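Below: one structure, written as structure tokens.
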Amino acid sequence: MLPAVRLTHPLVAASTGLLLGGLLTIGTAQRHRANADVPFMTVDKVKPGMKGYGLTVFSGTEPEKFDVEVINVLHKFRPNQDLILVKTIHPRLETVKVVAGMSGSPIFLNDGGTAKLLGAYAYGWPFGNEPVAGVTPIENMHKELGRPLSPALLPLAGKAPLAAPAASAAGKKASLDAPPEGQSATAWKGEPGSWSLEAHAKQIASRLRGGAGSSALGAPQPVDTPLTVGGMSERTIKELTSALGPLGMVPLQAGGAGVGTAKDAPQHFVDGGAVGVSLARGDFSDQAIGTVTHVIGNKVLGFGHPMMEVGATHMPTAIAKILWVMSSQQRSFKVGEPARVLGTLIQDRESCIVVDENIVAPTIPTTVEIIGDPTAPKKKWASEIVHDKFMSPMWAAVAFGEAIDVTINDRRDASWVLTAQIKVKGKGTLKFEDFGASGSGVPGGSAFFVSRAGRAVAELMNNPWEPIVVERIDSQIKVEWKRETVTLRGAELLDPAVEPGQSARVKLTLRPYMGPEYTQVISIKLDPMLAGKEVELEVLPGWMVTEEAPAPESLDQLIKNLQLPTLDPKAYVLQYKHPEQGLMYKGKVAAKLPVFALDALKPTTGTIQPEGFLSYVRQTVPIGGYPDGSTRLRVTVKPQL
């Protein structure tokens, strides 16, 4: 029998173990914090057949041991990074094979009786039918600790991010061919006003991971990061899968958790413990689950691959509690929830993530209040969401949609008004109003994405001029269980030919959702300049019409544009194009300018031209409900005598 050997890893319960046939027999891991004294093993020392062990959480918060055996080394797997292939040996792993959520599990090999840290369990093969994993070398991960932190991103002592660089000079339009200097990898690339969640998700997937399915079928791929969500409907989870799946994060229905601390939750991260990146928490929750590879002081290395590979970041983290390891033919995964809020994800790099326990990440408190339905079982919903250019708009929409879907999801006649306040540091509180009516209840789910308030969150956080801090988002939705719609049945010109300078009258035939048809007359004065011409009149719902605004060239102009109200949402608008154009230039709008004025305003010493637009003459008529339908008519203006 071989003599007992001393194992130096601080998580090993027993001070001695037996080296039998090259296998280390090790006691149960304990809740000690690891330290920098743990010896590392470099890849050049690794030989096929070497044996050791790994640490991960199969249930609860306590790391457990599983045995490993080296298959071989895959050299130059990534730029300047090798990959060690190992077999994992454990009764549960024989069933579940490769597990999403085990990413980061530390792997130790025996070297002369000493357990040395080799790296992190990080890669697997899709549809693999044996427990074989790829290990990211610890030396690659350890190098990430030396990266400087960005003061423009880093929150300190629970405060919002530090002051950012000065804004662009007034009048200078930012180039959007690439994210502006200082912006994160999750920034939207596109003209202000053109944001959409689907396009944003595709940009990030292409930018960070080369798009879904970019790896060859037989190639090792990063073990998916399970995104355990709680308090969300099946419809929302499907929408999240579409947006986040290409980024390697798989939303999975699990239990929710608030911002408190679970009973008996560990005080600190430990090697092999579960770590969660908390994207949302409160009445609904969402966290990406992985495993801690190594703790050095207040710094934590984990995952062994990126979460999204966004680089420097500031997302909240938590010690996670694992409930079960679910077996799946495609990819098994850990189900868990936050146990203790702790630390901030500060680096999201190719070889690992880095967490700092001593930093508190900024979050955005969000509330949704339901007004007008006394039967609602819960009238106020609260959560905290991550402060990120891509994630914040998405989770703000989820917070709103889930409150609606759970509380007032009756599929019946409804009218509603959504009022939202977005508090922006240094810019005050911005207010937005959305409204609507439906025969199938109040829209939830992704409806917030296309609302004025939802789009404003995205446009503000992705503006190309100044970094901003959203301090909170509060919304109230008032519902009435009746359908306040009025349908346009037809429109008739009462005066087919009109004298120049006189008014054209249009009779609207309207049908309310319930009740008899009625008529309403609306008139509009025709400019004398239109004499001898045929003029097209448009009849439009007021909620479709906003006043003209210049393309934003600064954050302040963007904020002003976002808050421009529509015309009366319960009115019809009669309008026509004025023969004289308008100009927008340097944030100013001038309507109905004569041709000589247009020519005079064109610069001769530069290439930046004023932006022209069509001027309209408009008249509104209230109708007592949300209009549905539009039409066009043509009226003749008599020649001047």
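The values are calculated or read from the model by the stated rules, or taken from the named source; none is laboratory data. No experiment lies behind these values; they were computed from the predicted model shown. Here the Cβ is made from the backbone with ideal geometry for all residues, glycine too, and neighbour counts use every protein chain on show.
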Query - Check on residue 603, in the same structural domain as residue 540 (by TED's automatic domain parsing), at pLDDT below 85, touching an Asp or Glu at 6+ places or on another chain (Cβ under 8 Å) and assigned to a loop (DSSP other than H, G, I, E, B) - result: no
Worksheet item: Does residue 54 satisfy being surrounded by fewer than 16 Cβ atoms within 10 Å (Cβ to Cβ), in the same structural domain as residue 115 (by TED's automatic domain parsing) and modelled with pLDDT of 95 or more?
Response: no
Within the range 475-499, the residues that are more than 33 Å from the chain's Cα centre (by Cα) and of a type in the set (Asp, Glu) are 484, 492, 495, 499
**Message:** Being within 27 Å of residue 263 (Cβ to Cβ), in contact (Cβ under 8 Å) with a residue 60 or more places away in the chain and assigned by TED's automatic domain parsing to the domain that holds residue 247 is the requirement here; does residue 300 meet it?
**Reply:** no
Would you check if there is a residue in the range 219-229 being modelled with pLDDT under 75 and exposed (fewer than 13 other Cβ atoms within 10 Å of the Cβ)?
yes
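Conditions tested, residue by residue: (1) assigned to a strand (DSSP E or B); (2) aliphatic (A, V, I, L, M); (3) in contact with a helix residue (DSSP H, G or I) (Cβ under 8 Å, 6 or more places away or on another chain); (4) without any contact (Cβ under 8 Å) to a residue 12 or more places away in the chain.
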| site | (1), (2), (3), (4) |
| --- | --- |
| 82 | yes, no, yes, no |
| 104 | no, no, no, no |
| 117 | yes, yes, yes, no |
| 123 | yes, no, no, no |
| 139 | no, no, yes, no |
| 145 | no, yes, no, no |
| 149 | no, yes, no, no |
Restricted to the range 296-313 and to residues being buried (at least 24 other Cβ atoms within 10 Å of the Cβ) and assigned to a strand (DSSP E or B), the residue nearest to the chain's Cα centre (by Cα) is 313
Output yes when any residue across the range 56-71 is more than 28 Å from residue 252 (Cβ to Cβ), assigned to a helix (DSSP H, G or I) and not aliphatic (A, V, I, L, M), and no when none is. no
Being within 30 Å of residue 185 (Cα to Cα), acidic (Asp, Glu) and outside any loop (DSSP other than H, G, I, E, B) narrows 492, 459 down to just 459
All conditions in (1) at pLDDT below 85; (2) touching a strand residue (DSSP E or B) at 6+ places or on another chain (Cβ under 6 Å); (3) not small (Gly, Ala, Ser) are true of residue 586 except (2)
Within the range 324-358, restricting to residues that are touching a helix residue (DSSP H, G or I) at 6+ places or on another chain (Cβ under 9 Å) and outside any strand (DSSP E or B), the one that is surrounded by the fewest Cβ atoms within 10 Å (Cβ to Cβ) is 328
